[in-house]
Every structure is written in structure tokens, then in C-alpha cells.
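Peer 1: Below is one structure. I have some questions about it.
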């Protein structure tokens, strides 16, 4: 992409209007607060940046990126300025949605106007005093909260008279953290770490030294955290979410976002159930797209200390802080957008409650439609509840699983406050030993740091969990945005899923074309071609969803983006694309990779791993996962990443006796189809399988054309 390919401000205005019609609170301009109108006016005049701005070669990247928009962003994928006119025309078609069912659902969410009596918790109130960020009437919201709380107490006393009242925490109180530690014999202490280990501000980012050499297969042994965990647990709990407070998923779980107007299912969860606002002391929320009024309506702004981690340039940072001055408990964090960094796209929630920390990693932005409002879009979310450390452990040295170290590394790089990072040490991360926190840190990564983020970091995480394999695997990737897919991207990601740290693909790409045919890497470099499937909706699928909600397809497909330019490119690997059809007949904003190993990986005498999944914010793009290039100056490897992303790697552990039971030959042994039965009890599979190929007659959904 040419370095001066900047987006026109009109694109931002179009996307802003589209989001307002599908997600924003109802009401005319005259009903909105002055703060909201000013903020919307400013946001419409700022350029939109690209999510997946992929490069086409292995040279060092020297690209200047435009300013970004903190209020609204583009979930599109473009790498050429000639796409701008097509994008404007496509988005303009999505603006006339004032009478859509989503708006009706939005009205229900927001409640009646203030002068009509009853008001909902989500309603922005047009009052002259007591208003805060975006015109929220904080006093009235608190009064409504107290009424709801008193009603719940009364109902609770009728059914359980002995139940004590909920603990009240004042706004200025910070939840205490224990200085005690949790020990784990399976994870070496800091003294065993190499001196040259990558750090951020002097903090080690791993708990043990890893051999990342891909020439040998490393499987889990009795000394690995995963092997120790698999002795106790073979599957994740799948209980129905409950309202209220308390630890619910101490072992971790993956849920689908609940659809607001559809029957409740056990694997569904609402944003209210994720946040548990009643005793939420600190909420640290990260997202690319925001509906601030809607998010704040889900929180107790008088009691909860709130920090939003936002995509914003310097000018927008000052505007946000000025607009939020009315809410004393609200602060912002702005990860760097310097140099080649394009998008702060990560989605992460750190939710501090009395006695435990909830970590949630959703695929959803913090906008109503992504959390099921209007029954148009679905997402997924990983959740784990970590108890506060017990005082009885004493002041021993902190020893945490790798998940903790990778999380801290990402938070430090993202400029999270040190006080928040320090608080994490007060919670017991031992149950995260079976998982890996996977991230992409924007910017250029040299020396050994290139191994610790992006797709190379994914390969390290796979190896660290003992999931590295020489045997073939199959990869099924659900993505909500597609750009210029390339063989290099698919090959590199496939090898990372086998536990490679990026060096295999890097060596192959830097081998002269005349020598590649004789390279020992030739066979493994082609292994992905019939074992990789990418799920993206067809135009037929989007049209079907649109008809079910009585809306034009252009109204609902704004964040599901692909261009015919890429589809018709000569080198486009069309054979990997499958029609992504939801089991719930909605569109998807999921970013999920299902990886099945052809040879089970043993973890103990009676357990093994036959697959794992990634759930997070990263689409299948070079911008999201990075590209390993040769530095022009040093000639050494360097990883270039344009986005901030994060996600969780979730293994599927089963008992050997159970996994060796006779299985349906089509669903379990055919590498051309996803094994739903293998994953569904751990990670709900949201799409229909087997899926149809995207081809002539069933072409992809092109939002831009």
C-alpha cells in the first residue's frame, strides 16, 4: 500500500451515521445533550483508519498512518486509496434505517423520554443539571439503581430471609489486594529465567525458558502446567449464567452473546451478566468501537471506578477527557498509535469484585448491536473468575502461570496504569495454567521480542502449552473482516498453530525461488492448502438475515466487510473460503480459530488434547497478526504489527478412553469438515457445518460494491 493512502473524512461520517442508526440511543438532535451533539459533530470530521492494512512484500515498513477516530471506527479492510469511492458509496446505502427493528429495540433499551414518567436505566436524560459524560443524568441513574436494588432485596427477603444484604462499596474505595502468593511446582520461579529474556519496563514476560526450535516435537509431560491441570479437569464448565454476584467460572468458560429478543439458551450471556455491576469495584474496559452512553448505563458510575481503554489520537484524547469531566470515577487509557500502528482493536475486560477478579475477553465491541440488541449480530466471550489470594500463603515469592506474565506484558505495552497491573498480583492465576493469553502489540519488534507477540507469539504459546506437533492439523477460522488474503499469511498462521515461532515460514520466504523446490521446507510449506478453512458470509446469507429482521442487507452488514477487488485478485486463495451461516440466523462478529490435531497429544496417563481454539479480537489479517520481515539495517528478523489485539488460546482436553470411542467417520476423521462434537462442549461452535464453498453462484458478501 502506498504510504500516503489516507481515508477521506466523509467515510468517517458515513460510518458514524450507520452506527447511530443501528446502535446509538434514540432521539432527535433536539433531544440529545449539547455534550453529545458536540462530540458527534467532532467525531464525524475525523478520518477512519484501516483494520487490516496488509503489506505485499517482505521489506521493512515505512508507512504513515492517518489520525483515527475514537468515537467510531472502520471494521473494514482496505489497502488502496482507489477503494475509498466504493466504500463511501456502499456505506451511504446503509444510512436510511430510522424505522428498522433495531431502532425499535433500541427504543426499548433506552426507555421513554423524561417527560413521560417511567425511565429505564439506559436512558440519557435531558436535564440541565447533574449531567455528566454525554449528558447522562448521574443523580437520576443512581436513584433508579437504588430502587432496583431495594426491589431485589425485598424479593430476596421473601424467598431467603436469612440472606445478608449486599455489601456497599463507596466510590472512592479501592478493593484491597493481598500481598500473599500462590506457589506452583510446575512453573519455575524468576531465578530460572534467562538474563536476556524480553521485558517491558524490566518486567519478565514469561515464567520459563522455551525451546522454540520447530525441528523437534515437544509434547506435554508431567512437568508442564497443562499436564498438571489435565489431571484434574477434562472440560470447561458450561453452567447457565446467573444474575447477581460471586465467582461463577473459576475454571473458565466461553459463551455466546445473548440475543435480546430471542429465547434464552444455556450458552448465552448478556453484558449485564458479564459485568456483575452490583458489587463491581473497578472496571477496566477495552474496545475499538464504543457507545459510551450505553456502556455507562450498564455500570454504577457513582460507585465503580471506571477506566476505558480507547483508540484515540492526541486531539481526540483531550476531547474525551474534557467530555467525561462530569464523571469523577471515569478515566481513560490510550495505547500508542505512533509509527506504523493503525488500530487499537483489542477487546479486554478486567473486572475487580470483592474477593475475586473476572477477566473477560470478548470478540464484541462495546456497542449495543454487538451484544445482541436487535437480534442482528452475535459474538463470543471467554470468561474466568480468579479468587483473591489467601493470607495463609504467607509472603513467599510470587510465582504465576505464563498467562499472567503474557497479560502483564501486554498491559504494560498498552500503557495501562501500574496500579491496575500491580493489583493483578493479588489474585490466584493458577487456574489459567491450561490457557494462554495471546496478543498483538502494535509496532516493530526486534531482537528476541518478535517471538512474543503476533502470530509468532501464538506459535510460542502453542509450544508453551505442550501443543506443538509435527503431524498435520486442520484450521477453521471465523473472521468478520477480510482483505488481501495471501498464501504467506495462511501458511504462517497454520505453522504457528503447529507451534512454530515464525522461523520456518520466514526461512522459506527468504529462500530464492529457484531453490524453493529443493528446499526441505517445501512439503510443510504446502501442508496448509487443503487443511485451512476461512468462514465469511455469502451475499445470500446476509440477505437471509436481513429479510428475517425486515431490513435492507446494507443496513446490517456494516462491520462484516470484504471487497470484490480482493475476491477477484489473481492470487486470492478462493478455495479456503466457506459460507459462514449462524446457527441462530444472525450475522457474526466472531474471531474464532478452531484447530484440530490429526494425532492426539497426550498430557497424562489418561488425558489428551485433540484440539484447541483461539477466541479474541484478531481477524484473519496481516495487520492483526503481524508479518515477520528482514530488517533493512541489521538483516535480522523483525515483526511488524499494525494493530493492538488480544485473545485466549483454549485447549480441549478429554479422557483417552472417551476420545478413543468409535466416532462418526465424517465428523471426526474428515479433515475437510470441522469436528463440532470435539469442540462444542468447550467452545460453542456458532456456525453451521459442513459449510458451502464460496464460489460462483454463492459469492461473498461485498459491503463496498
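The values are calculated or read from the model by the stated rules, or taken from the named source; none is laboratory data. For clarity, every value in this text was computed on a predicted model and none was experimentally measured. Cβ coordinates were reconstructed from backbone atoms using ideal geometry, including for glycine residues, and neighbour counts include every protein chain displayed.
Peer 1: Out of all the residues in the range 315-326, is one or more in a loop (DSSP other than H, G, I, E, B), in contact with a strand residue (DSSP E or B) (Cβ under 9 Å, 6 or more places away or on another chain) and buried (at least 21 other Cβ atoms within 10 Å of the Cβ)?
Peer 2: Within the range 315-326, one or more residues are in a loop (DSSP other than H, G, I, E, B), in contact with a strand residue (DSSP E or B) (Cβ under 9 Å, 6 or more places away or on another chain) and buried (at least 21 other Cβ atoms within 10 Å of the Cβ).
Peer 1: Follow-up. Can you work out which of the residues in the range 621-653 that are out of contact with any helix residue (DSSP H, G or I) (no Cβ under 7 Å at 6 or more places or on another chain) and assigned to a loop (DSSP other than H, G, I, E, B) is surrounded by the most Cβ atoms within 10 Å (Cβ to Cβ)?
Peer 2: Restricting to residues being out of contact with any helix residue (DSSP H, G or I) (no Cβ under 7 Å at 6 or more places or on another chain) and assigned to a loop (DSSP other than H, G, I, E, B), the top hit is 621.
Peer 1: Which condition number does residue 583 fail, the rest of (1) under 30 Å from residue 264 (Cβ atoms); (2) surrounded by 17 or more Cβ atoms within 10 Å (Cβ to Cβ) being met?
Peer 2: Failing condition for residue 583: (2).
Peer 1: Then there's this: Could you look through the range 464-488, keep only residues that are more than 15 Å from residue 614 (Cβ to Cβ) and buried (at least 23 other Cβ atoms within 10 Å of the Cβ), and pick out the one that is nearest to the chain's Cα centre (by Cα)?
Peer 2: 481
Rundown of residues vs (1) assigned to a loop (DSSP other than H, G, I, E, B); (2) surrounded by fewer than 20 Cβ atoms within 10 Å (Cβ to Cβ); (3) modelled with pLDDT of 95 or more; (4) in contact with a helix residue (DSSP H, G or I) (Cβ under 7 Å, 6 or more places away or on another chain), yes/no style:
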residue	(1), (2), (3), (4)
255	no, no, yes, no
261	yes, yes, no, yes
264	yes, yes, no, no
274	no, no, yes, no
284	no, no, yes, yes
288	yes, no, yes, no
296	no, no, yes, yes
300	yes, no, yes, yes
306	no, no, yes, no
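Peer 1: Let me ask something else. Those residues that are within 24 Å of the chain's Cα centre (by Cα), under 18 Å from residue 546 (Cα atoms) and assigned to a loop (DSSP other than H, G, I, E, B), I need them from the range 689-703; list them, please.
Peer 2: 701, 702, 703
Peer 1: Okay, next question. Go through the range 357-476 and tell me which strands (runs of 3 or more DSSP E), entirely inside it, have 3 or more residues that are at pLDDT 95 or above, touching a strand residue (DSSP E or B) at 6+ places or on another chain (Cβ under 9 Å) and within 30 Å of residue 258 (Cα to Cα).
Peer 2: Those strands (runs of 3 or more DSSP E) span 380-387, 436-440.
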